[in-house]
Structures are given as C-alpha cells and as structure tokens.
Amino acid sequence: MASGPPKRAAQSGGDTLTHPGARPDDSAGMVRRFRIELVEGPAKGAVWDSSADRCSIGSSEGNDLVVADATVSRFHCEIRIDDAGARVRDLRSHNGTVVDGVHVIEALLRTGSLIRLGKTVARFEFGTEHNRLPLWEEARFGALSGASAAMRAVFALLSRSAERDVTVLLEGETGTGKSQAARSIHERSARRDRPFVVVDCGAIHGNLIESELFGHAKGAFTGAGEQRIGAFEEASGGTIFLDEIGELPLDLQPKLLRALEAREIRRLGTNTPRSVDVRVIAATHRDLRAEVNAGRFRADLYFRIAVVRIPMPPLRQRPEDIPALLDDLLASLHATPDEAATLRDPRVIARMTRAAWPGNVRELRNYVEQYLVFRAPPPVSELAPVSAPPPVDASVPYAQARDRVLSDFERRYFEALLRAHDGKVSRAAAAAGLDRRYLYRLLHRHGLGPERDPEA
C-alpha cells in the first residue's frame with residue numbers, strides 16, 4: 001500500500017481528503033450535491049452545502065449542520081444521498097421530523113421539500129453538480145471484499161483510519177462485516193504486530209464487564225480468587241475492539257470515558273491508576289445518536305468514540321457484490337466444482353441479488369452452508385424487482401391501499417428475519433433494532449408467533 005499523508009483536494013462545496021489508494025476519477029463515486037436552507041426558526045437564513053453523501057442535523061456541535069434551537073434534538077435527523085435519491089431519517093428525536101406536513105421515520109425528499117424540526121424548518125434542494133467520493137482502487141481490503149462503489153468508499157475510509165491512531169466507530173446492521181473491518185484496520189496499522197483484543201460488550205453480564213475491561217485485584221468482589229488483567233492492559237501496545245458498545249451499561253460509561261480520555265485504568269479493588277497504550281475501535285448495530293437522544297448513551301462518550309464514523313452498508317444496498325462474495329464463501333467452505341456451479345447459475349444469482357438478506361453477509365454464508373448440506377439452493381426472501389413494483393388498486397381509499405402494502409412488507413420482512421436468526425426472537429429483535437416484546441406483538445399480528453413474550 002502506498003505510504004505518505006493523505007492529499008487534500010479542494011472542491012467547491014467543501015474539501016475532501018483523498019488517498020493514494022483511492023480513485024478520484026472514478027465516476028462510480030459521484031453523488032449529487034444538495035443544499036439545505038433554514039427558512040424558519042432561530043437560525044433562519046443559514047445555508048449548508050454538501051461535500052459528501054450525507055448530512056446530520058441537530059443542536060449538538062457534532063452535527064454537519066448545527067441548529068441553535070432548543071426544540072431541535074442533539075441529533076435530530078440525517079439526510080443521505082444514494083441511488084434511489086435523497087432520503088431523510090429521523091434519529092428518534094424528541095419532537096419528530098415532519099416532511100411536507102407528514103411525520104416520518106424515513107422518507108424520500110424532492111427538490112423544495114420542507115423539513116420541520118421543532119420550530120425550525122429547512123428547505124432541501126438538489127444541486128446541479130456532483131460531489132466526488134474517494135474510492136479504494138481494489139475490490140478487497142483485508143478480510144473484506146466488494147467491488148461496489150459503496151464498499152470501495154468504505155475501504156478508502158478504513159485505509160485512512162489505519163494510518164493514524166484515531167478512534168473509529170464502525171456502524172451497521174448485524175452481519176455487515178464490522179468485526180472484519182476492525183481487524184483489517186489493525187492489520188494495516190503500525191500496531192499490526194501487537195495484540196488485537198476483542199470485548200463483546202453485549203455478551204458479558206453487566207456485573208462482570210468492568211472487570212473484563214479493567215481487571216481486578218484478588219478479593220475485589222465475591223469470587224475474585226485471583227488477580228486478573230483486563231482487556232485494556234492485555235491490549236497495551238495494540239488495539240482493543242469494543243464490539244456492540246451500544247450495549248454498555250449506562251453506569252459504566254463514565255469509567256470507559258475516563259479510560260479513553262486519560263488512557264489510564266484502575267483495576268477493581270485498587271486505587272492505583274495504570275497507563276495503557278491502546279488504539280480503540282468500537283462497533284455497534286445501533287445508531288448511537290438516537291441512543292443519546294433517548295438518554296441511553298452518554299453524549300460525551302459518543303463524541304469520544306465517534307472521532308471517525310464508518311457506516312458499513314447492508315448487503316441489500318450492494319447486490320452487485322454478491323457474485324464475488326459467493327466465490328469467496330465457496331472457496332472458504334471448500335465447495336467442489338459441481339457444487340459451486342449450481343450456486344453460480346445465473347438464475348440462482350438473480351434470485352440472490354433480489355433477496356432482502358436481513359442478516360447480510362453472515363446470512364449469505366448460512367445460505368451457502370445450507371446448500372452444501374442439502375445439495376439444493378435454499379429459498380430466499382426476495383424483494384420485488386425495482387422495475388416491477390406491485391400493482392396499485394386505485395379503487396380503494398389511499399389509507400387502505402397503503403396499509404395493505406405495509407402489512408405485506410412487514411410479514412415478508414419478519415419471515416426473513418426469523419429465518420436469518422433460526423427463529424430466535426431475542427436475536428431477531430436485536431438485529432432489527434426493536435424491543436423484544438414489541439416484536440412479539442408484531443409477529444402475533446402477522447400470525448408468526450405468540451402475542452406475549454414468554455420471558456416477560
């Protein structure tokens with residue numbers, strides 16, 4: 001990999017860091033520019049022009065567009081440009097996001113759309129020019145593969161992050177490759193010959209996670225028969241990967257914040273601080289900005305770990321990568337040529353590229369493994385092709401027609417979700433970002449399970 005500092009290339013609408021390993025002239029990395037103008041509220045008249053593919057809006061200084069309005073949440077909403085156009089997504093704000101008079105969780109925007117955030121109203125406008133995103137020149141970065149523009153943009157960010165000891169937050173649904181991305185950053189960094197220590201914050205009981213992170217002295221608590229070195233000390237000189245950091249108990253978050261700020265830890269049962277030299281990478285399937293709004297995650301800790309945010313795209317947003325991913329999986333699972341030929345059939349590939357894949361690459365691997373066991377391609381939950389949307393019945397009222405479409409989507413989504421997680425509702429709820437009890441009610445509504453949570 002080429003070395004040296006990243007080169008800064010000026011462009012109208014903002015500056016973008018480019019890297020020797022990126023292809024600044026690749027047309028696949030072009031995204032349409034957009035402008036946001038505040039037309040009502042305390043900051044009326046402010047204008048923001050895009051320089052990339054997204055913009056977060058809120059009252060906190062950590063946003064791209066900061067709105068000084070007490071009725072706007074710290075992280076209120078995010079606008080993102082993709083192949084389908086521009087979409088706005090509410091980040092569980094306190095006053096909600098209203099687009100052209102309609103309260104939305106997520107919605108497509110058009111030129112002239114008015115977005116109300118509390119007392120502030122913003123007008124969205126498409127630009128006539130495009131921004132260029134830096135793309136990695138190869139279809140692979142470490143353990144990750146993907147030739148799509150979405151993944152090569154991620155690879156460019158991972159490469160730049162590997163060159164510095166900056167703290168990185170990897171975001172994305174389950175199965176999108178966050179763990180592989182963390183390891184790939186470590187293996188490309190100057191710390192590659194030092195430890196890479198993984199702590200799964202969602203898999204350790206709340207009473208034990210402090211000891212897991214910081215260690216404990218003998219006799220520090222009941223059952224502490226021996227002194228124990230924690231993950232921060234174990235990773236000294238290398239990298240600590242805090243997986244599912246969004247599951248960290250609220251009462252432990254200040255202690256982690258102090259460790260990150262001072263690079264010092266205290267073992268449980270001692271008063272002696274110990275210096276640690278670690279690089280921190282964190283990952284979560286939750287949107288921590290929404291968790292901050294809900295009071296479940298500290299804003300100061302979020303800012304400390306989200307120095308560089310890298311969203312990992314779901315598989316449904318990069319279906320063109322499926323053939324290459326399939327080749328990698330067939331090779332890693334030692335499939336015979338005859339077995340591989342069946343899955344490489346164009347008709348099978350076509351079905352796979354239309355599938356929802358709520359479990360992402362992890363679900364794709366399960367699919368291939370099932371095929372190798374049963375010698376027949378398992379069924380996949382297909383999405384309707386973009387070119388052939390379901391017919392619209394204009395003879396019924398709008399609300400009734402809309403409810404039919406939403407009900408059909410929910411049923412197909414939950415069927416695929418349960419398949420991806422072997423019918424385990426707790427895992428499915430975590431992957432979907434839903435409360436477990438609420439998911440039980442939704443499943444019951446569609447005849448897919450009991451109404452009540454048996455663990456409640």
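Annotations
- Taking amide H atoms as placed 1.01 Å from N in the peptide plane, the amide H of VAL39 lies under 5 Å from those of GLY45, VAL121, ALA122, ARG123, each 5 or more residues away in sequence or on another chain.
- The range 55-170 - charge dipole about Cα centre, Lys and Arg +1 at Cβ, Asp and Glu -1, debye rounded to 20: 200
- Here the chain is assigned +1 on the Cβ of each Lys and Arg and -1 on the Cβ of each Asp and Glu. Its dipole about the Cα centre then comes out at about 440 debye.
- Semi-axis lengths, largest first, of the ellipsoid equivalent to the range 176-249 are 25, 16, 6 Å, with √(5λ) applied to each eigenvalue of the Cα gyration tensor.
- A simple spin-label model places the labels of ASP193 and ASP251 4.4 nm from each other, with each point 7 Å out along Cα-to-Cβ.
- Per-residue 3J(HN,Hα) values for the range 419-427, derived from phi via the Karplus relation 6.51 cos²θ - 1.76 cosθ + 1.60 with θ = phi - 60°, read 4, 5, 10, 6, x, 7, 5, 4, 5 Hz in sequence order (x marks Gly and Pro).
- Computed over the range 316-374, the convex hull of the alpha-carbon atoms projects to a mean area of 3.7 nm².
- Cα convex hull of the chain - mean projected area over all directions, nm²: 25.8
- What the phi angles of the range 238-251 give under the Karplus curve with 6.51, -1.76 and 1.60, with θ = phi - 60°, is a coupling list of x, 10, 10, 10, 9, 7, 6, 5, x, 8, 5, x, 4, 6 Hz, glycine and proline written as x.
- Whole-Å distance, taken between Cα centres, linking the range 297-376 and the range 126-200: 17
- Calculated SAXS-style log₁₀ I(q)/I(0) at q = 0.08, 0.10, 0.16, 0.19 Å⁻¹ - the range 140-311, Debye, Cα scatterers: -0.24, -0.38, -0.93, -1.26
- All-pairs Cα distance distribution in the range 30-132, expressed in whole percent, bin size 5 Å: 3, 15, 27, 29, 18, 7, 2, 0
- Sequence-ordered 3J(HN,Hα) estimates for the range 196-208 from the Karplus curve with 6.51, -1.76 and 1.60 and θ = phi - 60° stand at 10, 10, 9, 10, 8, 5, x, 10, 10, 4, x, 6, 10 Hz, glycine and proline given as x.
Quick note: the coordinates plus some simple rules give every number you see, no bench work behind them. Source: prediction; values computed, not measured. Positions of Cβ are backbone-derived with ideal geometry, glycine not excepted, and every protein chain shown enters the neighbour counts.
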